[in-house]
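The structure appears below as structure tokens.
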Amino acid sequence: MSKKIIPSAILILIVLFSGFSFAEDAAQENINIPETVAEAVSEKDELAEREANLNLRERKLEKREADLSRQETEFSARMSALSAKIRENNGTSAVLLGRENQIKDREMNLMAREAELARREMNFAQKSQEFTTATEALAEREKLLAEREADLAKREAELLDKTALKNTSDQLSDREAELVKREAALTEREEKGNRFEFLAAKLAELEAELKTREEKVLSRENAVSENENNLSSTTKALDDKQAEISRRETDLKKLDADLAQKNKELDEKNTALNSREVAIVNREAEFSKKDAEFRTMEQLIKEFPAFDPNNSTEAAVIVTYPISAAARRELIAMQRNAFQKYNSKRITQAFEDYVKAVQSQPNVNYLAAYWAALSASKLNNHRDEAFEWVEKSLSINPNYKPAQELKKQLEASGRGRKRPR
């Protein structure tokens with residue numbers, strides 16, 4: 001009675017900690033218990049591997065967190081430098097704006113002065129036209145005066161030729177009258193000469209004034225040309241400064257875009273780190289739970305009687321295979337599935353599953369080869385293959401006693417030998 005109570009208690013504890021479902025008959029309890037132990041050992045190995053991978057990923061995560069901290073520090077420094085540069089650019093822009101306003105004011109004053117100069121030049125042109133007209137009239141009057149003087153000289157010559165001294169008194173009288181006339185003519189000529197000298201002086205004065213005005217106009221034209229050159233230089237400087245401001249604005253926009261992208265990347269990294277941290281915490285909790293379960297399982301395994309894989313036909317034999325934990329777990333699942341079919345009298349399906357289990361690990365799975373031989377011995381159309389599979393099991397493990405016993409039974413029944421696969 002005590003021997004049956006102890007396996008039942010172990011079965012209950014294993015069900016509580018591992019979550020496996022044992023629905024086999026009470027007659028199969030001695031088979032399912034070692035099977036659960038094998039799964040527990042296999043899962044323990046797998047969790048050990050997962051724990052090592054988790055520790056490696058944690059170290060990588062810590063390294064990436066350190067790199068992220070360093071990048072955040074560099075990012076803060078670049079942000080500070082960028083803020084200082086933005087403040088400097090704002091100050092420079094204000095100064096440039098003030099100078100631009102001053103240049104615009106100077107341009108307005110220059111335009112007003114140019115308009116005044118144009119108005120004065122128009123007045124000067126009008127006066128110059130009037131002076132030209134007066135000069136032409138004066139030249140015409142001088143021409144008429146010269147013609148009249150020539151005519152007078154001609155008449156005087158004719159008077160001298162025609163006039164003869166008839167007598168002294170008549171000549172004297174005529175001479176006196178002529179002298180009076182000539183004196184009057186001379187007086188008139190003197191008056192005309194004085195008027196001509198006045199007009200000549202006036203003309204010289206007007207020519208001097210015209211020359212002075214021409215010099216002033218030339219000076220003003222030079223000043224206007226110089227102002228135009230200065231204006232062109234100023235405009236070019238303004239264009240250069242405007243281009244520089246545009247380039248700086250483009251650089252600032254690019255920097256803003258880079259900062260926004262880096263902020264987005266940092267947010268994504270922070271989100272990823274938070275997710276990984278949560279995953280690590282969850283895995284730690286899961287690992288702590290599994291560790292507690294395996295400590296209990298180890299204690300149960302220690303209390304379980306000594307296990308000899310060479311004498312057992314249970315799934316616990318798979319735990320001793322020199323393969324990975326994942327491969328052991330897969331074989332245990334295949335073994336349990338095939339055994340359930342065998343136990344449900346579906347021998348053909350169980351035989352096929354055992355054959356697949358052997359083929360998945362042909363160099364180590366002597367347990368599945370034994371069960372394939374046992375299943376084949378119960379099938380009319382596969383009985384000749386039973387000896388083949390039992391020798392396959394013994395070729396892997398010559399010390400496997402269940403296979404040795406099955407071989408003796410097959411030989412005693414008169415089964416012929418088959419070449420092992």
> So how far apart, in nm, are the two label points at residue 144 and residue 283 if each is 7 Å from Cα heading toward Cβ?
Replying inline: 12.5 nm
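Could you calculate the FRET efficiency of residue 175 with residue 129 from 1/(1 + (r/R0)^6), where r is the beta carbon distance between them and R0 is 60 Å, rounded to 0.05? Spell out each step's value before the answer.
Values: r = 52 Å, r/R0 = 0.86.
Taking R0 as 60 Å, the efficiency between residue 175 and residue 129 is 0.70.
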> Per the 1.4 Å probe, what fraction of the accessible area of the range 370-409, in percent, lies on carbon and sulfur atoms?
Replying inline: 39 percent
> Tell me, what is the per residue accessible area of the range 311-421 in Å², probe radius 1.4 Å?
Replying inline: 49 Å²
> Based on the mean of other beta carbon atoms within 10 Å per residue, what is the order of 51-62, 334-345, most packed first?
Replying inline: 334-345, 51-62
>> Quick check: pseudo-label points 7 Å beyond the Cα along Cα→Cβ at residue 65 and residue 94, how many nm apart are they?
In response: 4.5 nm
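For residue 399 and residue 237 in one chain, what is 0.36 nm times their gap in residues minus the Cα-Cα distance, to one decimal in nm? Don't skip to the answer; put the middle values down first.
Numbers: separation 162, 0.36 × 162 = 58.32 nm, distance 10.06 nm.
The residue 399-residue 237 span can extend by a further 48.3 nm.
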> Within straight cross-link reach of residue 44, meaning Cα distance under 17 Å, which aspartates and glutamates are found once same-chain residues fewer than 8 apart are removed?
Replying inline: 35, 284, 286, 291, 293, 298, 330
> Which of 192/216; 63/253; 341/407; 85/264; 60/264; 341/392 have a Cα-Cα distance over 28 Å?
Replying inline: 192/216; 63/253
> Contour minus end-to-end for residue 201 and residue 263, with contour as 0.36 nm per residue of separation and end-to-end as the Cα-Cα distance?
Replying inline: 13.3 nm
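The values are calculated or read from the model by the stated rules, or taken from the named source; none is laboratory data. Everything numeric in this text was worked out from a predicted model, so none of it was measured. No Cβ is skipped: glycine too gets one built from the backbone with ideal geometry, and neighbour counts run over all protein chains shown. SASA here: full protein model, heavy atoms, side chains in, ligands and nucleic acids out. Shrake-Rupley method; radii C 1.70, N 1.55, O 1.52, S 1.80 Å.
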